[in-house]
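Worksheet for the structure shown next.
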Amino acid sequence: MLDFLVDVRSDDHDTAHLRFAFDLAKRFGAHLTGMQVIALDASVIALPEPLLVLEDEEAFAHERHGWWASACRSRGIDGVWEVRKGAHRRVLIRRASLCNVLIGRLHAPGSGIPAGTGLLARVLMSRVSPLILVPDDAAPSAMRWILVAWNGSAVSARAIRAALPFLSRARNITILAGDRESRARRDDADTLLRAWLRRHALAVDWIEMDRDASPAVAIAACAEACRADAIVMGAWGRSRLREMALGGTTRHMLAYGRVPMFLSA
């Protein structure tokens, strides 16, 4: 049985990432844990009477157990509700180490959260588990039409390997191949991937990216063209600090992604 963990904030109720988590857990017969973290972070401690604020938030979080249990029961899902206290990032990292994937909310542009520097982006850097980020405006998805962004790197390969349970159940898989450093390395990596796909009986459509295209723009365009309802890709393939500071494919996709993204660092 797969184990899914979904990060639930105090104001999350009927968001796209929760609907996605319920639908995916139902389709895969997975165990679904909803977790609300009572964050003991500096921003909270700085509030007037922080202990009262935290006590109220914790009491409200525990009261949501019935809501979560009812939502799982109505969908025939095996699920539990957890409330944990601590530094939000550390709690997520520790808990996500025992799940197959962590599902989180990708806030829309203009939310005030800089792309690539938000909490879940930083959790991804810890490499404890893959992460599925679901944009607020994402259409319903159960990862049936999957676009895989492939550049021959170890990070990209790890993402594909981690996504195998979802690729195995997909109706259509498109590989968008490109953004590779040298012809020799590209050919070797492609040969290895094609052999791996055959061993796992995965039929794919293989598309070569235009050499002059921006990878992020090409990924988004291909996702729309092939009607992908999810994207699988490696994250932070180059220097993490460089991508966070200067931009890059990962940061661009976190800023402008329109479909759920399965990311592995």
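If you go through region 122-144 and keep only what is closer than 11 Å to L263 by Cβ and under 9 Å from the mean Cα position of the chain (by Cα), you end up with L124, P130, L131, I132, L133. Across region 241-254, the qualifying residues are those that are surrounded by 15 or more Cβ atoms within 10 Å (Cβ to Cβ) and farther than 15 Å from R158 by Cβ, and the one among them that is modelled with the highest pLDDT is M253.
Considering the conditions (1) charged (D, E, K, R); (2) at pLDDT below 90; (3) in contact with a Gly (Cβ under 7 Å, 6 or more places away or on another chain), E208 is excluded by exactly one of them, (2).
The values are calculated or read from the model by the stated rules, or taken from the named source; none is laboratory data. Just so we're clear, the structure is a prediction, and the values are computed from it rather than from any experiment. Here Cβ is always computed from backbone atoms with ideal geometry, including for glycine, and neighbour counts include all displayed protein chains.
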